[in-house]
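Participant: The structure under discussion is supplied below as structure tokens; questions concerning it will follow.
The values are calculated or read from the model by the stated rules, or taken from the named source; none is laboratory data. All values derive from a computational prediction rather than experimental measurement. No Cβ is skipped: glycine too gets one built from the backbone with ideal geometry, and neighbour counts run over all protein chains shown.
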Amino acid sequence: MPGFYPEFRPKKLPTKRKTIAEQSKRGALAKERVDAILTGLDEAYPNAVCALNHRSPWELLVATILSAQCTDVRVNMVTPELFRRFPTPQAMAKATLPELEEIIRTTGFFRNKAKSIQGAARKIIADFGGKVPQTLAELISVPGAARKTANVVLGVCFGKSEGVVVDTHVFRIARRLELAKGDTPEKVEQELMQVLPRDRWIGFSHQIIHHGRKVCDARKPKCDKCNLEPLCRSKDKTWNS
């Protein structure tokens, strides 16, 4: 028929990729939002690793015990001399508490920590043949090695994802980003284990710890320098895009 044309059906245009800002409006734990957070961390900290200097699982175990209520920078200043004098569990087991206390004094709570690292050495010799065990159940039986310490050693030295390391930075930032609501590190860890893909449990903590030190400060976060800012709805933000 003259003037007749088939009905015109325009092709459906591809949907634009949602921006980070749009992702932030989704539910706090929506997969797209969690993925956006992980992508942002990858972009900002692609090579994040454990900040505690170590050459073996034993050295990392001791360093992590010493890091309680102490900065990693301070621990890294103390451990070279500690491991020079007592390089193995056998050597540390034979050390006297005053010797250990003098070396680690500046890490704080040095008397308790000296007992812990000496006790850890003796436990590892007596029960594990002088080698740091590779299971969570065994590691948490070592003096001074609670769940956080065990997760650090298992993840960094053995590549085992048994849990998520929750230190003060991870605890604070996970709550700020609404990835967790728990009021204890243990509760926050369990929530993060439900939200994060298991293959991200190890790296996530390293990235968040670096983020907490460089950008997301406890008292005055540098929100204007944070690539996760559009995803963050924390009440203590110092800047909004």
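Participant: Which numbered condition in (1) buried (at least 17 other Cβ atoms within 10 Å of the Cβ); (2) modelled with pLDDT of 95 or more; (3) of a type in the set (A, V, I, L, M, F, W, C) is the only one that Leu97 fails?
Facilitator: (1)
Participant: Also, I was wondering about something else. Condition first: over 30 Å from Arg84 (Cα atoms), in a loop (DSSP other than H, G, I, E, B) and modelled with pLDDT of 95 or more. Now tell me which residues in the range 25-65 satisfy that.
Facilitator: Tyr45, Pro46
Rundown of residues vs (1) surrounded by fewer than 21 Cβ atoms within 10 Å (Cβ to Cβ); (2) at pLDDT 95 or above, yes/no style:
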{"position": "Glu138", "(1), (2)": "yes, yes"}
{"position": "Val142", "(1), (2)": "no, yes"}
{"position": "Gly155", "(1), (2)": "no, yes"}
{"position": "Ala180", "(1), (2)": "no, yes"}
{"position": "Asn227", "(1), (2)": "yes, yes"}
{"position": "Lys235", "(1), (2)": "yes, no"}
{"position": "Thr238", "(1), (2)": "yes, no"}
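Participant: Another question about this same structure. For the range 172-186, state whether one or more residues are free of Cβ contacts under 8 Å to residues at least 40 places away in the same chain and touching a Cys at 6+ places or on another chain (Cβ under 7 Å).
Facilitator: no
Participant: Also, I was wondering about something else. Kindly establish whether Arg219 is surrounded by fewer than 20 Cβ atoms within 10 Å (Cβ to Cβ) and touching a residue at least 40 places away in the same chain (Cβ under 8 Å).
Facilitator: Taking the combined requirement at face value, the residue does not satisfy it.
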